[in-house]
Amino acid sequence: MSIFQELVPSFSLENWAPATLKKYLFGNDSENMNTLCALMMASDGEYSSLLISERILTAYDKLDDEQRLGFFNLLDDEYGLNTDELQKAVESYSDNPEATTFRALTHAAEPKRQELFRRLNLAPGGTKQLVKMREHLLQLVRDHPKLGKIDVDFRHLFNSWFNRGFLIMQPIDWTTPAHILEKIIAYEAVHEIGRWAELRRRLEPEDRHCFAFFHPAMEDEPLVFVEVALTPSVPTNIDSLLDSEQQSIAANEASCAIFYSISNCHAGLAGVSFGNFLIKQVATSLKQRFPQLRTFATISPVPGFRRWFSEQEVSEETLAWVKQTTEEAKEGTVVEKTPKEIAQLAATYLVEQKNHRGEPLDPVARFHLKNGASLDRMNWHADRSPKAIKQSIGLMVNYIYDLTRVEENHENYMQHRKVVCSSNIRKLLVK
């Protein structure tokens, strides 16, 4: 992989292009994105497609926001489905269901822009640039919903290109090259890493581990990474893991592996599942290395709770508690007593409140429950950072990954949307 990465940057299509093609393909005067895309789709040769792909990606990189919108509108208008051709292919296959008519049908059923994206992917660095292109698209879809059709094509292709079989899991530690460590700092999405000393505390001690998935076509870009703490018990707050004064323990003294942060690194890969594979693979790897580990759990945020809570009718006592908790979190103190009402509401939110697909409202709950975890415990005052107070009033939860039951839990969730939870959580649902 390292040899491959060293070789790819040295291969410049512009250097290899014949003189007769350079003047046209690499000029700056007459070409525009419309012309270049049409030229590439008309090309019959792999070599010429490579040349034009590099030119298109170079040109795309220079577009401003308005020009990107124009480019995506071009893809929607000119490179979608030909419904007349598709209808004829359906009728032909219905009359004569053989390999030739089936091939024609599958060809007609695929939007032309999928082939355009495949050819763009041929260019050096093409995969990475297409991921960035989708990130730009997702920023536009909310205001321009018709462009969502293009995102369907991106997701279809990315789910194939980033198939689990192509992903490489690598440990990240304090000896990892600095340019990758810088990306870990930049991409950390759950608990911000402000200084190199903080990163060192998360990577260097023997009770701390970090693992990431990489893809050969994305060079040294991590796709997703998870941070793990080895502990003697399941923590009830995040400070016990992030506090710089906390003493580390010998790895063989730990009985629990705690997944306390998982970060997806590229917005352009949203909806492409990596984290579920990573957590299970890391858990299996740690179990093999440290056989004494008995519990695999998380200390997880509940990012949607406060927004949902603000829409509920609650007592004055609970509202006063929330206000006091918010104020005292700023001062570094803790409100000791938690009203039963808010605990019941939190349990209801995590277990019973569903979105239009019948899945839990909370995105972190969806992620872990879909992976086969069970909801074990709610911890109040577990994260007193401004971000956590704003999102969840400081609530964090422990999800348990029982390696003997994750597949069963996963199947129950996928088939019945069943939320597996502890008896303590279930008791709170009985009002």
- Note on the structure: Across region 212-229, the tally of residues that are of a type in the set (F, W, Y) and surrounded by fewer than 22 Cβ atoms within 10 Å (Cβ to Cβ) stands at 1
- Query: Could you count how many residues in region 110-123 are farther than 24 Å from V224 by Cβ, outside any helix (DSSP H, G or I) and not aliphatic (A, V, I, L, M)?
  - Reply: 2
- Determine which single condition N398 fails, assuming it passes every other condition in (1) touching a helix residue (DSSP H, G or I) at 6+ places or on another chain (Cβ under 6 Å); (2) modelled with pLDDT of 90 or more. (1)
- Does region 316-326 contain any residue that is of a type in the set (A, V, I, L, M), in the same structural domain as P360 (by TED's automatic domain parsing), over 21 Å from I193 (Cβ atoms) and surrounded by fewer than 19 Cβ atoms within 10 Å (Cβ to Cβ)? yes
- The one condition in (1) more than 20 Å from L167 (Cβ to Cβ); (2) touching a residue at least 24 places away in the same chain (Cβ under 8 Å); (3) not charged (D, E, K, R) that H266 fails to fulfil: (1)
- Message: Which residue is nearest to F274 (Cα to Cα), if the candidates are limited to region 146-199 and must be of a type in the set (G, A, S) and more than 20 Å from the chain's Cα centre (by Cα)?
- Response: A178
- List the number of the failed condition for R202; all other conditions in (1) more than 18 Å from the chain's Cα centre (by Cα); (2) assigned to a loop (DSSP other than H, G, I, E, B) hold. (2)
- assigned by TED's automatic domain parsing to the domain that holds M41 and either assigned to a loop (DSSP other than H, G, I, E, B) or more than 25 Å from the chain's Cα centre (by Cα) (or both) - does that describe any residue in region 131-142? yes
- Query: Restricting attention to region 253-271, which residues are under 20 Å from R208 (Cα atoms) and either part of a loop (DSSP other than H, G, I, E, B) or within 8 Å of the chain's Cα centre (by Cα) (or both)?
  - Reply: A254, S255, S263, N264
- Determine whether K183 is of a type in the set (K, R), modelled with pLDDT of 95 or more and loosely packed, with under 15 Cβ neighbours inside 10 Å. no
- Item | Any hit, region 282-298, residues being in contact (Cβ under 8 Å) with a residue 24 or more places away in the chain, loosely packed, with under 14 Cβ neighbours inside 10 Å and over 20 Å from I400 (Cα atoms) | no
- Message: Of everything in region 200-230, what is touching a residue at least 40 places away in the same chain (Cβ under 8 Å) and small (G, A, S)? Give them in sequence order.
- Response: A212, A217
- Message: Which numbered condition in (1) farther than 12 Å from A257 by Cα; (2) of a type outside the set (A, V, I, L, M, F, W, C); (3) under 34 Å from the mean Cα position of the chain (by Cα) is the only one that T295 fails?
- Response: (1)
- Query: Is one or more of the residues making up region 330-349 at positive phi, touching a residue at least 60 places away in the same chain (Cβ under 8 Å) and in the same structural domain as S423 (by TED's automatic domain parsing)?
  - Reply: no
- Based on what the data block shows, is A388 over 27 Å from the mean Cα position of the chain (by Cα) and assigned to a helix (DSSP H, G or I)? no
- May I ask you to verify whether R384 is of a type in the set (K, R), surrounded by 16 or more Cβ atoms within 10 Å (Cβ to Cβ) and at pLDDT 95 or above? no
- Query: Tell me, which residue of region 392-431 that is hydroxyl-bearing (S, T, Y), within 26 Å of S255 (Cα to Cα) and touching a residue at least 12 places away in the same chain (Cβ under 8 Å) is surrounded by the most Cβ atoms within 10 Å (Cβ to Cβ)?
  - Reply: Y399
- Task: Could you list, in sequence order, all residues of region 64-89 that are surrounded by 15 or more Cβ atoms within 10 Å (Cβ to Cβ) and not small (G, A, S)?
- Result: R68, L69, F71, F72, N73, L74, L75, D76, Y79, L86
- Item | Scope region 154-213; condition in contact with a Lys or Arg (Cβ under 8 Å, 6 or more places away or on another chain) and aromatic (F, W, Y); matching residues | F154, F158, W174
- Just give me the residues in region 371-422 being at negative phi and either small (G, A, S) or not assigned by TED's automatic domain parsing to the domain that holds P360 (or both), in sequence order. A373, S374, A382, S385, A388, S392, S422
- Identify, please: which residue in region 140-156 is in contact with a helix residue (DSSP H, G or I) (Cβ under 8 Å, 6 or more places away or on another chain) and over 15 Å from L74 (Cα atoms) and is, among those, surrounded by the fewest Cβ atoms within 10 Å (Cβ to Cβ)? H156
- Message: If I ask for residues that are in contact with a helix residue (DSSP H, G or I) (Cβ under 8 Å, 6 or more places away or on another chain), part of a helix (DSSP H, G or I) and under 16 Å from Q129 (Cβ atoms), which ones from region 44-66 would you list?
- Response: S49, L50, L51, I52, S53, E54, R55, I56, L57, A59, Y60, D61
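The values are calculated or read from the model by the stated rules, or taken from the named source; none is laboratory data. As the structure is a computational prediction, the values presented were derived from the model and not from experiment. Every residue, glycine among them, receives a Cβ derived from its backbone with ideal geometry; neighbour counts consider all protein chains shown.
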